[in-house]
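J.: Dropping the structure in here first, questions after.
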Amino acid sequence: MKKIQRLVVALFVFSSVAFAQDKLLTLDDIFSPDPARRVRFSGTPTFVQWAKDGRSFKQVINGRLMRVDAVTGNAVPYLDSGRLAAALSRAGVKLDDATAMANSPGLQFNSDESGILIDNASDLWYYDVASGSVKRLTNSRDAELEADFSPDGRLVSFVRGNNLWVVDIAKASEKQMTRDGREGDKPIYNGYLDWVYEEELYGRGQKRGYWWSPDSRYIAFLRLDESPVPKFILANDIPNDQLIETTSYPQAGDPNPIVRLGIAEVGKSSFLPNAGRIPKIGDKIPPTLLRFGDAVKFVDTANYRPDDLLIARVAWAPDSRNVLFQALNREQTRLELNAAGLDGKYRHVLDETTPAWVEVYDNPEFVESGAGNGTFVWQSARNGWRHLYLYDNDGRLVRQLTNGKWEIRNLYGVDAKNGWAYFSATKDSHIAENVYRVRLSGGEPERLTQDNGWHTASFDSTFSHFVDTWSDAATPAQTRLYRADGFAVRTLNENRVDVLSQYRLSRPEFLNVTTRDGFVMEAMMIKPPNFDPNKKYPVFEFTYSGPHAPSVANRWLGNRGMWFQMLAQKGYIVWVCDNRSASGKGEESVWPIYKRMYELELRDLEDGLNYLKGLPYVDGSRIGLHGWSYGGSMTSYAMTHSKSWKIGIAGGTGTDWRLYDSIYTERYMMTPDNNRDGYDRSSIVKSARNLSGKLLLIHGQMDDNVHMQNMTQFVYELQKNDKQFELMYYPTQRHGVTNPQQAKHMYSMMTEFILKNL
């Protein structure tokens, strides 16, 4: 009788699970513009921000900013947010906005958390935590950009009108550090990055181009003169009064901005009275302000030609007496690390070269302070793989810290006290990063995270603990706290997403595909949930293919992954295969495409298809390809250089390297004058007459990265050669389609295109 009861229970559980997992995905589930209709397949992941004390987190709980003890989880109010909100309200902020600001984890504290910097109504304000008072620091119609505290907390720096300024908090008086900044057709930026420097050297979203010295006496800054850079015009046609954007954009071979590195001594200029008041014509200006030139010294870079110099990184040494800067030649075949003194003279520390170009990773990570006996950790791919090296301050190699056919992905920092360097790497898997540490004295790296899948760490300031964010291809992000030695302390957020169990989903499979010349490529396959090996299935392939940018990863893919699952439910095999140059398997895997982009990438992708076509359940006559940005270019190149794909969907496509920005393009292709044949061979515009299969082109009308000019030139050539295609452009959208209504439209269109033509 008991056996029968167990059988009944088992059948009931099985049938319940089968019923629960029978739900099919819809586009509204994934992309509905209405949040109430959109399913939160990624759950509610926790993004932890360490507090300055190194022992607690900033976390919003029930709408209030709390200080959460990392180890115990005990939570107390981070500050009296009601008091801060009241002070902001008295300063003119609407009460609801003031309450939201007062409870934001993004509050900008000074180093000891005694004060908060607030940007409100295009002016800067200072809140004193102890007294509960708020003080206005600036009073100008112009915005103050990239504001920051000095390390000692007495001053606040910012950029206004493309000039660098400092305001004394106690006196609410300003000091203008530079005077030649200008806007307009020929802008000069002081302490603020232009488009191409931000996008290609310092990282998207990084606009600040200045750096405080540790002793708060100096500010190093970049001066970018855009006078020689050609302009590009973007038109927003949605308003009746057309909005025109004019940006400086150097295409391959065009003049770059002329860069100089300045060192401003804060104490050399006088402060202006009256917060935010800018002197006008006819005003009496204190004589000390007229001696502005004494406050700034520019580093003497006469050894570099102005048109052959990029300054890729800037950082202060711990002694505040030297500014480290990384100088690249225009085609980025040589990188030099230099140390500039306060007098503007520099000495050479070390240099990097490779068989192709040199990648810029990060600033030196100092282990010891002092001008003569310090050491620093340096990242280099000189042997074909990104690894850690220990140097002394004179540029002499002490030892190589890591080595092998794997690569460093992120250097989290150095615990000088205990002698460790912490980093993420691909030592145990090329498709799943883990967290490691290695002794500065040498030895084998220690793996700190053990679960299969992708790990990303955030360390506290003392390197005693780290927060690990983990996911795999079937599990949304989970968050846990670890000790620095890898001991698990507690789970911060398991992020169980029960709704996933309601849908009929397939678990992605990871596999290897070997190219004709023996390179092992990583691949991912998602089969239909009711997969039948005796049937023949069409294949939908996604690619990016760009240099050192893998798409195959054992981590949660979010909404794109759910769209892949939806296509699998509709009877498609989803295929992602990283060509060698996109694989993330060391810089040595990327160098073969130097000066000849797309050719080897296409060959590798076709080798992946040859593997697929050898599978008994794949219909080799029905394979589609889709990608965005570099992936859009790769898709368009494949559709004009191969007959292997029946359809292609290309978004944000660059169609000729002559049309893309100088710093990215010349890194891989040299200048057009030095590689004319390479530019011609890679031009998708020039190969439009060879289009094969059905092609859908998508572009954002306001794309300031890959301009619509790319699409227009390609479309023109397709039309002249009587090649039929489909085109959709998205007004107001830039390099990605992010507006929810338009994103839903785009994925609906792409899905219909696939169902109709594949």
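The values are calculated or read from the model by the stated rules, or taken from the named source; none is laboratory data. All values derive from a computational prediction rather than experimental measurement. Positions of Cβ are generated from backbone atoms using ideal geometry, with glycine treated the same way; all protein chains shown enter the neighbour counts.
J.: Which residues, taken from segment 655-669, are within 16 Å of Pro255 (Cβ to Cβ) and of a type in the set (Val, Ile, Thr)?
T.: Residues satisfying the conditions are Ile663, Thr665.
J.: Same structure again: Is one or more of the residues making up segment 68-78 in contact with a Ser or Thr (Cβ under 8 Å, 6 or more places away or on another chain) and closer than 30 Å to Gly558 by Cβ?
T.: yes
J.: Right, here's the next one. For segment 489-513, give me each residue that is more than 30 Å from the chain's Cα centre (by Cα) and free of Cβ contacts under 8 Å to residues at least 40 places away in the same chain.
T.: The answer is Asp498, and nothing else.
J.: OK, next. Cβ-Cβ distance below 7 Å, separation of 6 or more or different chains: which pairs start in segment 647-667 with a residue that is at positive phi and end on one that is charged (D, E, K, R)?
T.: Filtered contacts from segment 647-667: Gly652/Asp703.
J.: Next question, about the same structure. Could you pull out the residue among Thr456, Thr469, Thr479 that is touching a Leu at 6+ places or on another chain (Cβ under 6 Å), surrounded by 16 or more Cβ atoms within 10 Å (Cβ to Cβ), at pLDDT 95 or above and not in a loop (DSSP other than H, G, I, E, B)?
T.: Thr479
J.: Let me ask something else about it. Is one or more of the residues making up segment 50-71 surrounded by fewer than 17 Cβ atoms within 10 Å (Cβ to Cβ), among the acidic types (Asp, Glu) and at pLDDT 95 or above?
T.: Yes - at least one qualifying residue is present in segment 50-71.
J.: Scanning segment 389-425 for residues that are surrounded by 19 or more Cβ atoms within 10 Å (Cβ to Cβ) and farther than 26 Å from Ser464 by Cβ, which turns out nearest to the chain's Cα centre (by Cα)?
T.: Glu407
J.: Here's another thing I want to ask about it. Within segment 345-357, which residues are of a type outside the set (A, V, I, L, M, F, W, C) and in contact (Cβ under 8 Å) with a residue 40 or more places away in the chain?
T.: Answer for segment 345-357, where residues must be of a type outside the set (A, V, I, L, M, F, W, C) and in contact (Cβ under 8 Å) with a residue 40 or more places away in the chain: Lys345, Tyr346, His348, Thr354, Pro355.
J.: Filter segment 345-364 for residues that are touching a Leu at 6+ places or on another chain (Cβ under 6 Å) and part of a strand (DSSP E or B); which is surrounded by the fewest Cβ atoms within 10 Å (Cβ to Cβ)?
T.: Leu350
J.: So Ser589 clears everything in (1) buried (at least 24 other Cβ atoms within 10 Å of the Cβ); (2) under 19 Å from Thr354 (Cα atoms); (3) polar (S, T, N, Q) except one condition, right? Which one?
T.: With respect to (1) buried (at least 24 other Cβ atoms within 10 Å of the Cβ); (2) under 19 Å from Thr354 (Cα atoms); (3) polar (S, T, N, Q), Ser589 is out only on (1).
J.: Give the residue that is nearest to Phe31 (Cα to Cα), with candidates limited to residues of segment 554-582 that are in contact with a strand residue (DSSP E or B) (Cβ under 6 Å, 6 or more places away or on another chain) and part of a loop (DSSP other than H, G, I, E, B).
T.: Trp556
J.: Right, next: Would you check if Leu155 is surrounded by 18 or more Cβ atoms within 10 Å (Cβ to Cβ) and touching a Leu at 6+ places or on another chain (Cβ under 9 Å)?
T.: no
J.: Going through Leu567, Leu615, Leu609, Leu625 one at a time, which residue ends up being surrounded by fewer than 17 Cβ atoms within 10 Å (Cβ to Cβ) and at pLDDT 95 or above?
T.: Exactly one residue qualifies, and that residue is Leu615.
J.: Scan (1) in contact with a Lys or Arg (Cβ under 7 Å, 6 or more places away or on another chain); (2) under 18 Å from Val314 (Cβ atoms) for the single condition Leu390 breaks and write down its number.
T.: Of everything listed in (1) in contact with a Lys or Arg (Cβ under 7 Å, 6 or more places away or on another chain); (2) under 18 Å from Val314 (Cβ atoms), Leu390 misses just condition (2).
J.: If you don't mind, there's one more thing I want to ask. Kindly provide the set of residues from segment 702-733 that are free of Cβ contacts under 8 Å to residues at least 24 places away in the same chain and β-branched (Val, Ile, Thr), ordered by number.
T.: Hits for segment 702-733 are Thr712, Val715.
J.: Could you check, for segment 54-70, whether at least one of its residues is in contact with an Asp or Glu (Cβ under 8 Å, 6 or more places away or on another chain), of a type in the set (D, E, K, R), assigned to a loop (DSSP other than H, G, I, E, B) and more than 30 Å from Glu144 (Cα to Cα)?
T.: Taking every residue of segment 54-70 in turn, at least one turns out to be in contact with an Asp or Glu (Cβ under 8 Å, 6 or more places away or on another chain), of a type in the set (D, E, K, R), assigned to a loop (DSSP other than H, G, I, E, B) and more than 30 Å from Glu144 (Cα to Cα).
J.: Does Asp517 satisfy being out of contact with any strand residue (DSSP E or B) (no Cβ under 6 Å at 6 or more places or on another chain), touching a residue at least 40 places away in the same chain (Cβ under 8 Å) and not in a strand (DSSP E or B)?
T.: Judged against the criteria, Asp517 is not a match.
J.: Among the residues in segment 737-752, are any of a type in the set (D, E, K, R) and part of a helix (DSSP H, G or I)?
T.: yes
J.: Taking the criterion of being in contact (Cβ under 8 Å) with a residue 24 or more places away in the chain, surrounded by fewer than 19 Cβ atoms within 10 Å (Cβ to Cβ), in the same structural domain as Met634 (by TED's automatic domain parsing) and not small (Gly, Ala, Ser), would at least one residue in segment 694-701 satisfy it?
T.: Within segment 694-701, one or more residues are in contact (Cβ under 8 Å) with a residue 24 or more places away in the chain, surrounded by fewer than 19 Cβ atoms within 10 Å (Cβ to Cβ), in the same structural domain as Met634 (by TED's automatic domain parsing) and not small (Gly, Ala, Ser).
J.: Looking at segment 334-344, which of the residues that are crowded, with 17+ Cβ neighbours inside 10 Å and free of Cβ contacts under 8 Å to residues at least 60 places away in the same chain is farthest from Asn256 (Cα to Cα)?
T.: Only one residue fits best here, namely Ala339.
J.: Right, something else. Please work out which one of (1) closer than 19 Å to Lys585 by Cα; (2) free of Cβ contacts under 8 Å to residues at least 40 places away in the same chain is the condition Gln400 fails and give its number.
T.: It fails just one condition, (1).
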